[in-house]
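Novice: Take a look at this one; I'll ask things after.
The values are calculated or read from the model by the stated rules, or taken from the named source; none is laboratory data. Keep in mind the model is a prediction, meaning the values are calculated, not measured. Quick reminder, even Gly has a Cβ in these numbers, built from the backbone with ideal geometry, and neighbours come from all protein chains shown. Ligands, DNA and RNA are excluded from the accessible area calculation, which covers all protein heavy atoms including side chains. Shrake-Rupley method; radii C 1.70, N 1.55, O 1.52, S 1.80 Å.
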Amino acid sequence: MWSDLVVVSAHCPCGLCTALNKIMGWTGRDVESSKLILVPILAVLFVMIGYQYICPAGSNSGDLEDDSPPRLPSKFNFTERDLDRHVEFNIKGDDVIVFLHIQKTGGTTFGRHLVRNIRLEQPCDCKPGQKKCTCHRPGKEESWLFSRFSTGWSCGLHADWTELTNCVPVIMDKKEAQRNKRNFYYITMLRDPVSRYLSEWKHVQRGATWKTALHMCDGRSPTQDELPTCYSGDDWSGVTLTEFMNCPSNLANNRQVRMLADLSLVGCYNLSSMNESQRNHILLSSAMSNLKNMAFYGLTEFQRKTQYLFERTFSLRFIAAFTQINSTRAANVDLSEPVRRRIEELNFLDVQLYEYAKDLFLQRFQFTRQREHQEVRLKRREERPENDFPTTTEDYTSQVARW
């Protein structure tokens with residue numbers, strides 16, 4: 001038996017096979033077959049150990065890696081330009097971030113992050129008891145942020161893409177005389193359409209109306225005939241979900257598409273300017289295009305990824321990490337399957353937009369994450385001296401010694 005062990009050990013470094021023979025209780029007859037098993041196993045171990053030194057693990061990425069979905073084939077043909085959204089945001093120069101706040105998308109929370117949670121040379125000045133903060137450039141009396149919590153509703157309550165793109169430059173010029181042309185970087189938040197719709201219903205049920213919104217388009221607000229109200233009286237308090245769904249002019253329907261599209265392309269709120277199918281196609285295409293071309297957008301369902309992408313897009317860092325809150329009023333609504341389908345039908349444009357937005361968002365995250373990992377590995381290789389790399393044999397031997 002001992003002679004057999006010696007034979008096997010001669011083919012295995014550091015007496016590893018000897019130890020395995022003893023553990024397994026192999027005799028001479030078993031040893032020959034054990035060689036056939038051990039050789040490929042040892043070869044795999046050899047490669048794996050060497051790989052650990054040749055390709056060291058990246059930095060700890062925490063929750064971002066843990067909740068990363070598997071890479072799936074995309075339905076949309078996005079280019080590298082679509083995925084790479086890094087901008088050279090110059091807070092000391094002429095750049096302005098414009099936040100398009102769509103109702104019930106987590107915009108209030110995100111808006112507070114913008115004024116209270118970004119690490120800045122000159123932080124926004126937020127006084128207790130006041131909703132608005134002063135967000136000036138370092139050393140200047142000029143705003144770098146156009147949002148509810150900085151400039152207020154200067155272009156109207158929850159102004160949409162059509163309103164903001166026509167209004168913001170004019171408002172900024174009135175407030176701050178400036179010779180240089182400003183660069184406006186538009187950002188927004190989106191949410192799963194069913195959850196967002198239910199959240200709006202619950203909000204309206206509690207008395208919210210947004211009736212002071214202007215809905216400006218092509219220089220005017222819509223007429224009563226173009227945009228009839230869904231209720232009589234001051235508000236729609238106590239409205240049931242069925243009543244909410246049954247109002248054909250309810251602005252909750254496909255709100256995200258309408259607020260991101262260029263409404264001038266479809267005659268604003270005049271529904272008689274073209275047939276419904278053509279109007280819907282133009283609205284959805286416009287919303288997708290505008291969303292894709294924005295400097296940044298986040299998704300309510302992916303708070304940490306939203307934080308990560310914003311930070312990499314603008315080269316700004318938040319002080320505290322974003323928190324994912326899944327226990328919402330919308331989540332607590334008990335929906336039957338027919339009612340869910342009805343909501344999806346009422347928001348069929350938003351459903352398509354969100355599918356597009358989610359695909360692009362996750363691809364942007366994966367693209368940015370992969371590029372960052374590559375840059376880290378390259379930097380490590382450049383910083384590590386040549387003699388810092390152990391030879392494969394030394395590495396393997398040291399590992400076997402530990403076994």
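Novice: Using Cα pairs under 8 angstrom and six or more residues apart, how large is the relative contact order of the stretch 80-380, in percent?
Specialist: 24
Novice: Could you state the accessible area per residue of the stretch 80-380 in Å², with a 1.4 Å probe and every protein chain left in place?
Specialist: 48
Novice: Name the long-range amide H neighbours of residue 299: under 5 Å, sequence gap of 5 or more, or other chain; modelled H, no Pro or chain starts.
Specialist: 190, 306
Novice: Moving on. Please identify which residues in the stretch 278-295 have an amide N closer than 18 Å to a label point set 7 Å out from the Cα of residue 264, following the Cα→Cβ vector.
Specialist: The answer is 282-291, 293-294.
Novice: On to the next question. If ligands, DNA and RNA are left out, what is the accessible area of residue 126 with a 1.4 Å probe, given in Å² to the nearest 10?
Specialist: Roll a 1.4 Å probe over it and residue 126 shows about 40 Å².
Novice: If you wrap the stretch 159-226's Cα atoms in a convex hull and average its projection over all directions, what's the area in nm²?
Specialist: 6.9
Novice: Return P(r) of the stretch 112-208 (all Cα-Cα pairs; 10 Å bins starting at 0; whole %; ordered from short to long distances).
Specialist: Each 10 Å bin holds this share of Cα pairs: 13, 37, 34, 13, 2.
Novice: Could you tell me how far the Cα centroid of the stretch 238-268 sits from the Cα centroid of the stretch 104-152, in Å?
Specialist: Taking the Cα centre of the stretch 238-268 as reference, the centre of the stretch 104-152 is 29 Å away.
Novice: Now a separate question. Quick one: which residues, 5 or more positions from residue 118 or on another chain, have an amide H under 5 Å from its amide H? H modelled 1.01 Å from N in the peptide plane, none for Pro or chain starts.
Specialist: Amide H neighbours of residue 118, under 5 Å, 5+ apart: 319.
Novice: Taking the Cα centre of the stretch 136-202 as the origin, how large is its charge dipole in debye, to the nearest 20, when only Lys and Arg (+1) and Asp and Glu (-1) carry charge on their Cβ atoms?
Specialist: Here the stretch 136-202 has a charge dipole of around 180 debye.
Novice: Using the Karplus curve 6.51 cos²θ - 1.76 cosθ + 1.60 with θ = phi - 60°, what ³J(HN,Hα) values do you get for each residue of the stretch 340-348, in whole Hz, with x for Gly and Pro?
Specialist: 4, 4, 5, 5, 5, 5, 5, 10, 5
Novice: Non-local amide H neighbours of residue 142 (under 5 Å, H modeled in plane, Pro and chain starts lacking H): which ones?
Specialist: Here the answer is 137, since their amide H atoms fall under 5 Å of that of residue 142.
Novice: Got a sec? What order do 292, 140, 75 fall in by accessible area at 1.4 Å, biggest, i.e. largest, first? Spell out each step's value before the answer.
Specialist: Values: 292 55, 140 80, 75 145 Å².
Listed by decreasing accessible area, they come as 75, 140, 292.
Novice: If you don't mind, there's one more thing I want to ask. Just the C-alpha atoms of the stretch 95-138: what Rg/Rh do they give, with Rh taken as the Kirkwood radius?
Specialist: 0.97
Novice: Take 203, 86 and sort them by solvent-accessible surface of the protein heavy atoms, 1.4 Å probe, largest at the top.
Specialist: Listed by decreasing accessible area, they come as 86, 203.
Novice: Kirkwood hydrodynamic radius for the stretch 206-322: how many Å is it when counted over pairs of different Cα atoms? Working shown, then result.
Specialist: On the way: mean 1/r = 0.0586 Å⁻¹.
Final number for the Kirkwood radius of the stretch 206-322 is 17.1 Å.
Novice: Sticking with this one: Taking every DSSP beta bridge that has both residues in the stretch 79-237, what percent is antiparallel when rounded to the nearest 5?
Specialist: 25
Novice: Using alpha-carbon pairs under 8 Å, 6+ residues apart, how would you state the relative contact order of the stretch 96-178 in percent? Don't skip to the end; give the middle numbers.
Specialist: On the way: 92 pairs, mean separation 24.8, N = 83.
Worked out over the stretch 96-178, it gives 30 percent.
Novice: How much length would be gained if the chain were fully extended between residue 177 and residue 342, taking 0.36 nm per residue of separation minus their Cα-Cα distance, in nm to one decimal? Don't skip to the end; give the middle numbers.
Specialist: On the way: separation 165, 0.36 × 165 = 59.40 nm, distance 5.01 nm.
Extra length from residue 177 to residue 342 when fully extended: 54.4 nm.
Novice: Provide the per-residue ³J(HN,Hα) series for the stretch 367-384, in order, calculated from phi with Karplus coefficients 6.51, -1.76, 1.60 and θ = phi - 60°, each as a whole number of Hz, with x at glycine and proline positions.
Specialist: The phi angles translate into 4, 5, 5, 5, 5, 5, 4, 4, 5, 5, 5, 5, 5, 5, 5, 5, 7, 7 Hz.
Novice: Can you compute the radius of gyration and Dmax for the stretch 80-380, using only the Cα atoms, both in Å?
Specialist: Values for the stretch 80-380 (Cα only, Rg and Dmax): 19.7, 67 Å.
Novice: Oh, and also: Rounded to the nearest 5, what % of DSSP beta bridges with both residues in the stretch 80-380 are antiparallel?
Specialist: 25
Novice: With every protein chain kept in the model, how would you rank 311, 345 by accessible area, 1.4 Å probe, largest at the top?
Specialist: Correct descending sequence by accessible area is 345, 311.
Novice: For residue 131, what is the net charge nearby, where nearby means another residue's Cβ is under 15 Å from its Cβ and Lys, Arg count +1, Asp, Glu -1?
Specialist: Values: positive: 112, 116, 127, 132, 148; negative: 125.
Computed value for this residue: +4.
Novice: To continue, here is another question. Subtract the Cα-Cα distance of residue 275 and residue 119 from 0.36 nm times their separation in residues, and report this length gain in nm to one decimal.
Specialist: Between residue 275 and residue 119, full extension yields 51.2 nm more.
Novice: Suppose the chain between residue 381 and residue 325 were pulled fully straight at 0.36 nm per residue; how much longer would it get relative to their current alpha carbon spacing? Walk me through the intermediate numbers first.
Specialist: Numbers: separation 56, 0.36 × 56 = 20.16 nm, distance 3.96 nm.
Taking 0.36 nm per residue and subtracting the Cα distance, the gain is 16.2 nm.
Novice: I would also like to ask the following. Kirkwood hydrodynamic radius, the stretch 292-387, all distinct C-alpha pairs: what's the number in Å?
Specialist: Averaging 1/r across every pair of different Cα atoms and inverting gives 16.6 Å.
Novice: Using the crude model of +1 on Lys and Arg Cβ and -1 on Asp and Glu Cβ, and no other charge, please compute the dipole size for the stretch 80-380 relative to its Cα centre, in debye to 20.
Specialist: Dipole about the Cα centre, nearest 20: 1260 debye.
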